Amino acid sequence: MIALEIVHQLSNLSARAEADGRLVQEQLDIIYDQRWFKLFVPRCYGGLELTAPEGIRLEEELAWIDGSLGWTVTLCAGANLFVGYMQQPTAQTLFTDRTVCLGGSGHASGIAVAERNGYRVSGKWRYATGAPHLTHFTANCVLERDGAVVLDEAGNPQIKSFFFAKDDVRIVEDWPAFGLKATASHSFEVSGLWVDETHAFAIAPEQATLNQLIYQYPFLQFAEATLAANTLGMARHFVSCAKDVLKDPVVDLAKEVTERLANASASFYQAVDVSWDELAAKGQPSSRTLQTVSDRSRALVRLCHEQIMLLYPHTGLTGADASTEINRIWRDLFTASQHSLLR
């Protein structure tokens, strides 16, 4: 799916990106050329307009090349998917830029005070993957009006999503993790920022402003599946590297792990494919099908963790050496495991 020459180029840049604590420009240039931040952006805006099954499989391959690369593309491509929920005159202005890259946080750790034709927003959000190269930051806020929290029909605080230009935020460089270092998942904050109503959106199928099927796919299962695919890519890469350092009879264990991952992968992708086929045929996947996507995503992640932990003790000091590729993959995989959707 990805040209071998590009795979080699990206692999050779991984150690440098980790040392820099961010993707390096050569990686970004390839991403822009391949339009990977625009996996789910319409062709009319320069995107690839992939289906969910197509994009998820590509994200697995990117995570196999390098965990930070795959994770960053996955989260930024996922945020760029919000193009389908924005007011389209605004979206057109943003997404005709080949380097446009959204990213941010799904946690509602901000406050948006409704004012005429817009909002006054303040807050701080953590874990904005790709912060150094984001052109816009996305954030969820609790909505307030006339000094009180606005409640939805169920009596819960109403949450609204926004995006801000990079120049309007302050990046707080505080990404401390021992893995996925090149994702540069720093915090960001704004204080009293005026945000026009054209920069607010809602991530829901009924709120979609574009008619491509991807914007009708439930975002929860989309997010779960994309992160599970990243875990699978990193796990497969770990096994590939482990085979170079394992000794008999542990080599047979690596073969067993490979088979288990392949079986779980097949089951996982079957669920994703069925959900997409149902969406195309019926307008929405059934609740049972969506639950299967969620269950198999989590089952795949658990299996990856279990199988890698079976192999890791047999990698010796090579596996413990922070300068080695296999150690970086291990750290990346178990840093990714701390994401709330994977636990």
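Please go through the range 174-184 and pick out each residue that is touching a Ser or Thr at 6+ places or on another chain (Cβ under 8 Å) and surrounded by fewer than 22 Cβ atoms within 10 Å (Cβ to Cβ). If the condition is that a residue be touching a Ser or Thr at 6+ places or on another chain (Cβ under 8 Å) and surrounded by fewer than 22 Cβ atoms within 10 Å (Cβ to Cβ), then Asp174, Trp175, Ala177, Phe178 are the ones that fit. Tallying residues that are open to solvent by 40 Å² or more (accessible area, probe 1.4 Å) and among the polar types (S, T, N, Q) within the range 116-142 yields 2.
For beta carbons closer than 8 Å, sequence separation of 6+ or different chains, a first residue in the range 251-264 that is within 15 Å of Met309 (Cα to Cα) and a second that is of a type in the set (S, T, N, Q) and open to solvent by less than 50 Å² (accessible area, probe 1.4 Å), the qualifying pairs are Val257/Gln307; Arg260/Gln307; Leu261/Gln307. The set of residues in the range 143-162 that are touching a residue at least 40 places away in the same chain (Cβ under 8 Å) and surrounded by 15 or more Cβ atoms within 10 Å (Cβ to Cβ) comprises Ile159, Lys160, Ser161, Phe162. Glu206 - would you say it is assigned to a strand (DSSP E or B), among the charged types (D, E, K, R) and open to solvent by 30 Å² or more (accessible area, probe 1.4 Å)? No.
Checked against the criterion of being in a helix (DSSP H, G or I) and either of a type in the set (Gly, Ala, Ser) or open to solvent by less than 30 Å² (accessible area, probe 1.4 Å) (or both), the candidates Ser240, Ser191, Ser187 yield just one match: Ser240. Gln338 falls short on exactly one of the conditions (1) more than 14 Å from Leu227 (Cβ to Cβ); (2) open to solvent by 80 Å² or more (accessible area, probe 1.4 Å), and that condition is (1). As a summary of the residue check, Trp276 satisfies the conditions (1) among the aromatic types (Phe, Trp, Tyr); (2) in contact with a helix residue (DSSP H, G or I) (Cβ under 8 Å, 6 or more places away or on another chain); (3) surrounded by fewer than 17 Cβ atoms within 10 Å (Cβ to Cβ) except for the one numbered (3).
Being under 21 Å from Met309 (Cβ atoms), in contact (Cβ under 8 Å) with a residue 40 or more places away in the chain and of a type in the set (A, V, I, L, M): is that true of Leu232 here? So Leu232 fits the description; yes.
Considering every residue within the range 229-236, establish whether at least one is open to solvent by 10 Å² or more (accessible area, probe 1.4 Å) and out of contact with any strand residue (DSSP E or B) (no Cβ under 7 Å at 6 or more places or on another chain). Yes; the residues of the range 229-236 include at least one that is open to solvent by 10 Å² or more (accessible area, probe 1.4 Å) and out of contact with any strand residue (DSSP E or B) (no Cβ under 7 Å at 6 or more places or on another chain). Being on the phi < 0 side of the Ramachandran plot and under 19 Å from the mean Cα position of the chain (by Cα) holds for only one residue in Asp277, Asp332, Asp252, and it is Asp332.
Can you confirm whether the range 212-222 contains a residue that is outside any helix (DSSP H, G or I), of a type outside the set (Ser, Thr, Tyr) and without any contact (Cβ under 8 Å) to a residue 60 or more places away in the chain? Checked against the condition, which is being outside any helix (DSSP H, G or I), of a type outside the set (Ser, Thr, Tyr) and without any contact (Cβ under 8 Å) to a residue 60 or more places away in the chain, the range 212-222 yields no hits at all.
The residues listed here are Leu317, Leu253; of these, the one that is outside any loop (DSSP other than H, G, I, E, B) and loosely packed, with under 12 Cβ neighbours inside 10 Å is Leu317. Leu261 falls short on exactly one of the conditions (1) farther than 26 Å from Asn80 by Cα; (2) open to solvent by 80 Å² or more (accessible area, probe 1.4 Å), and that condition is (2).
The residue that is farthest from Leu341 (Cα to Cα), counting only those in the range 85-114 that are in contact (Cβ under 8 Å) with a residue 40 or more places away in the chain and in a strand (DSSP E or B), is Ala112. Going by the structure shown, is Arg236 in contact with a helix residue (DSSP H, G or I) (Cβ under 7 Å, 6 or more places away or on another chain) and among the basic types (Lys, Arg)? In short, yes.
Could you go through the range 75-83 and let me know if any residue there is among the polar types (S, T, N, Q) and buried (at least 18 other Cβ atoms within 10 Å of the Cβ). Yes, the range 75-83 contains at least one residue that is among the polar types (S, T, N, Q) and buried (at least 18 other Cβ atoms within 10 Å of the Cβ). Of the residues making up the range 143-158, just one is at pLDDT 95 or above and among the acidic types (Asp, Glu), namely Glu144.
Checking each residue in the range 49-59 for being surrounded by 24 or more Cβ atoms within 10 Å (Cβ to Cβ) and within 18 Å of Ile30 (Cα to Cα) picks out Gly55, Glu59. Selection of the range 293-314 for residues being in contact with a helix residue (DSSP H, G or I) (Cβ under 6 Å, 6 or more places away or on another chain), within 30 Å of Asp273 (Cα to Cα) and open to solvent by 20 Å² or more (accessible area, probe 1.4 Å) yields Arg296, Leu303.
The values are calculated or read from the model by the stated rules, or taken from the named source; none is laboratory data. Since this is a predicted model, take the numbers as computed values, not measurements. Glycine also receives a Cβ, built like all others from the backbone with ideal geometry; neighbour counts cover every protein chain displayed. Each accessible area value is taken on the protein alone, full model and side chains, heavy atoms only, with ligands, DNA and RNA left out. Shrake-Rupley method; radii C 1.70, N 1.55, O 1.52, S 1.80 Å.
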